[in-house]
Amino acid sequence: MTASTELRRIMTALQQSGLTVEAVEDGALVQDGETRVALFAEADPQGGVVVRLHLDLDLYVEEDSLPDILMGMNLLNQGLDYGALNLDPVDEDDLDEGAPLTFAVLGRSVLWLPDLGAPELDRLREHLRRFEREVTDAVERTLHGSKGISA
């Protein structure tokens, strides 16, 4: 089974469960309300399928803020069960001329499915839902909570 076949099966199952799913270059965008999670699937050489989830949080960090941000992200990641926050360098072509090196804050998760049967696809749907909620809630609490930082 090829990665594109596996991805199509996953997309169909997610659509049938009521989520909005849109094919993109090498993956899919899964939308639930206002949130869009990018999903990528690939065959695992040892069997099963590896599903990678990426949640763009529209948060950006400049290079000079990295030490403080990394400490905060480390603390946040300790409380996350379904994903983690990562920094991804923003392509220089997307930055204004002379802008400092900038990183996007992304939620990321990886899930291994031994097969694409109904129980495993249900597990993927639940993981997707929990991943999105957990990462979004953690960031919201940090940015807007009474003990969080103000952005």
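The values are calculated or read from the model by the stated rules, or taken from the named source; none is laboratory data. Bear in mind that the values here come from a model prediction, so they are computed numbers and not experimental data. Ideal geometry is used to build each Cβ from the backbone, glycine not excepted, and the neighbour counts take in all protein chains shown. Calculation scope for accessible area: heavy atoms of the full protein, side chains included, ligands and nucleic acids excluded. Shrake-Rupley method; radii C 1.70, N 1.55, O 1.52, S 1.80 Å.
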Residues in segment 11-33: is at least one closer than 17 Å to Asp137 by Cα and touching a residue at least 24 places away in the same chain (Cβ under 8 Å)? yes
Would you check which residues across segment 17-32 are under 18 Å from Glu120 (Cβ atoms) and either at pLDDT 90 or above or in contact with a strand residue (DSSP E or B) (Cβ under 7 Å, 6 or more places away or on another chain) (or both) and list them? Leu19, Val21, Ala28, Val30
Is it the case that Val135 is β-branched (Val, Ile, Thr), under 29 Å from Met11 (Cβ atoms) and free of Cβ contacts under 8 Å to residues at least 60 places away in the same chain? no
Restricting attention to segment 130-150, does a residue exist that is closer than 21 Å to Ser17 by Cα, open to solvent by less than 20 Å² (accessible area, probe 1.4 Å) and among the hydrophobic types (A, V, I, L, M, F, W, C)? yes
For segment 53-62, indicate whether the set of residues that are open to solvent by 30 Å² or more (accessible area, probe 1.4 Å) and within 18 Å of Gly27 (Cα to Cα) is non-empty. yes
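To keep it simple, each residue is scored yes or no on (1) open to solvent by 40 Å² or more (accessible area, probe 1.4 Å); (2) in contact (Cβ under 8 Å) with a residue 40 or more places away in the chain; (3) among the aromatic types (Phe, Trp, Tyr).
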site: Leu85; (1), (2), (3): no, yes, no
site: Asp96; (1), (2), (3): yes, no, no
site: Ala99; (1), (2), (3): yes, no, no
site: Val105; (1), (2), (3): no, yes, no
site: Leu111; (1), (2), (3): no, yes, no
site: Asp115; (1), (2), (3): yes, yes, no
site: Leu121; (1), (2), (3): no, yes, no
Out of everything in segment 105-130 that is over 19 Å from Leu7 (Cα atoms) and not basic (Lys, Arg), what residue ends up being nearest to the chain's Cα centre (by Cα)? Gly107
